[in-house]
Amino acid sequence: MQIQNKVLFIGPMGAGKTTAIQTLSDDVAASTEVQNSNKEMFNKETTTVAMDYGAIQLDDNQRIHLYGIPGQKHFEPVWPVVAKGAIGAILLVNASQPNWQQDTLYFIKAFDMLAKSNSILVAANRITDEQHDELAELLDQQGYCLPLLTTDPRFHDELVLALNILIANLEIEISIDD
Ligand SMILES: Nc1nc2c(ncn2[C@@H]2O[C@H](COP(=O)(O)OP(=O)(O)OP(=O)(O)O)[C@@H](O)[C@H]2O)c(=O)[nH]1
Ligand SMILES: [Mg+2]
């Protein structure tokens, strides 16, 4: 089954995918959280083991379905299953993590099909101005032309803005292809 207007939330453990979907969703988002037994990777209470799901009505005729992947790399086989049919993705970056740059490129490459069609928006959190510039340069050096925002996944309005920019960008890409 193809779900129209399906947007994916991708990024490593602790980047804020579950938080973002819970913040955005009109109704209580569905989650698959278990106790985190990988606290050396990221120190938080729970982690996603299958996916997150929520939905938001952006305007009268635009309902967006929000899907989050489980960020730990041993769940990588699950990613394409959750991603199937997605029109675009928000890549969450937590720049306070030591390997944030490598992780960002890892996820862009793992979702190459979306990156190549400029269907990913990069939303960074816990980021300094200097790191923001580094990230913009990194994306540029790697040949990606992706929108980049600073977004706190706990703040509804910032996420709605990110989602609207992603969708506007997707609409531009579709009209260019026409
Ligand atoms: N201080 C701060 N904390 C944040 C920010 N964004 C997210 N967080 C916190 O970081 C944690 C992110 O956890 P999750 O939302 O579970 O992360 P996830 O990406 O779903 O992780 P996995 O499911 O394990 O892959 C939560 O405790 C958030 O409250 C931010 O911008 N600033
Ligand atoms: Mg999660």
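Coordinate-derived values only; no laboratory data. All values reported here derive from a predicted model rather than from experimental measurement.
For the chain, what does the helix formula give at 222 nm: sum of -39500 (n - 2.57) over DSSP H segments with n ≥ 4, over the residue count, nearest 500 deg cm²/dmol? Let's see the in-between values first.
Details: 6 runs with 64 residues, N = 178.
The helix contribution divided over the chain gives -11000 deg cm²/dmol.
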Review point. Can you list the HN-Hα couplings for the stretch 92-108, worked out from phi with the Karplus curve (6.51, -1.76, 1.60; θ = phi - 60°), rounded to whole Hz and with x for Gly and Pro?
Key: 8, 10, 9, 6, 8, 7, x, 9, 4, 5, 4, 4, 4, 5, 4, 6, 4
Point to revise | Partners for Lys116 among lysines (Cα-Cα distance below 19 Å; same-chain residues under 8 apart left out) | key: Lys6, Lys84
Review point. For the chain, what mean projected area does the convex hull of the alpha carbons give, in nm²?
Key: 10.2
Check your understanding: Which residue fluctuates the most in the chain, going by a Gaussian network model with Cα springs under 10 Å, if the choices are Ile21, Ile108, Ile127?
Key -> Ile127
Point to revise | Whole-Hz ³J(HN,Hα) from phi, Karplus 6.51 cos²θ - 1.76 cosθ + 1.60, for the stretch 61-75, glycine and proline x | key: 10, 10, 9, 10, 8, 10, 10, x, 7, x, x, 5, 5, 6, 9
Point to revise | Relative contact order computed over the stretch 1-98 (Cα-Cα under 8 Å; 6+ residues apart), in percent | key: 41
Practice item. Pop out the ³J(HN,Hα) list for the stretch 21-29 in order, Karplus 6.51 cos²θ - 1.76 cosθ + 1.60 with θ = phi - 60°, rounded to Hz; leave Gly and Pro as x. Key: 5, 5, 5, 7, 5, 5, 9, 4, 6
Review point. In a GNM of the chain with a 10 Å cut-off on Cα contacts, which of Asp133, Asp152, Asp112 has the highest mean-square fluctuation?
Key: Asp133
Point to revise | Chain lengthening between Asn38 and Asn61 when straightened (0.36 nm per residue, less Cα-Cα) | key: 4.2 nm
Exercise for review: Can you grab the distance from the C-alpha centre of the stretch 128-154 to the C-alpha centre of the stretch 1-76, Å, no decimals?
Suggested key: 21
Review point. Can you list the residues, at least 5 places off or on another chain, whose amide H is less than 5 Å from the amide H of Lys84, using H built in the peptide plane?
Key: none
